[in-house]
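Data first, discussion second: the structure below is written as structure tokens.
The values are calculated or read from the model by the stated rules, or taken from the named source; none is laboratory data. No experiment lies behind these values; they were computed from the predicted model shown. Backbone-built Cβ (ideal geometry, glycine too); neighbour counts: all protein chains shown.
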Amino acid sequence: MDLVLVRYHDHVLFRNVNPDGLKPALRETVGWLVKEDPDAVLILWDRSVERLPHERSEAVTSGLVILRADIVEMRRLKY
């Protein structure tokens with residue numbers, strides 16, 4: 001898996017505020033590129049290296065699915 005840096009526009013949830021001037025937030029993440037297709041990319045940014053003694057199930061992972069239309073920049077990193 002390639003290690004990537006992704007800068008993307010993220011949706012902003014707002015509540016009980018004046019929406020004037022609100023816009024998508026520019027964010028970035030670093031992680032392993034697990035899957036990509038014409039619509040989206042799947043970035044894994046947290047994973048178990050080995051099962052912990054108290055865990056009963058398989059190792060779990062965390063990450064993001066980012067729509068291609070929201071990606072500002074994606075570049076592969078060397079590690």
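For the stretch 1-54, the set of residues classified as over 25 Å from Lys78 (Cα atoms) and aliphatic (A, V, I, L, M) consists of Val12, Leu13, Val17, Leu22, Ala25, Leu52, listed by residue number.
In the stretch 55-79, the residues that are over 15 Å from Leu33 (Cβ atoms) form Cβ pairs under 6 Å with partners that are not in a strand (DSSP E or B), at six or more places apart or across chains, as follows: Ala59/Ser48; Ala59/Arg51.
Annotation note: Cβ proximity below 9 Å between a residue of the stretch 9-37 that is closer than 15 Å to Leu64 by Cα and without any contact (Cβ under 8 Å) to a residue 60 or more places away in the chain and a residue that is surrounded by 10 or more Cβ atoms within 10 Å (Cβ to Cβ) and polar (S, T, N, Q) (sequence gap 6+ or interchain) occurs for Val34/Thr61.
What are the residues in the stretch 60-79 that are of a type in the set (Gly, Ala, Ser) and in contact with an Asp or Glu (Cβ under 8 Å, 6 or more places away or on another chain), if any?
Of everything in the stretch 60-79, those that are of a type in the set (Gly, Ala, Ser) and in contact with an Asp or Glu (Cβ under 8 Å, 6 or more places away or on another chain) turn out to be Ser62, Gly63.
Every residue, every condition in (1) modelled with pLDDT of 95 or more; (2) out of contact with any Pro (no Cβ under 6 Å at 6 or more places or on another chain); (3) of a type outside the set (A, V, I, L, M, F, W, C), yes or no:
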| site | (1), (2), (3) |
| --- | --- |
| Arg7 | yes, yes, yes |
| Gly21 | no, yes, yes |
| Thr29 | yes, yes, yes |
| Trp32 | yes, yes, no |
| Asp37 | yes, yes, yes |
| Ala40 | yes, yes, no |
| Ser48 | no, yes, yes |
| Glu58 | no, yes, yes |
| Gly63 | yes, yes, yes |
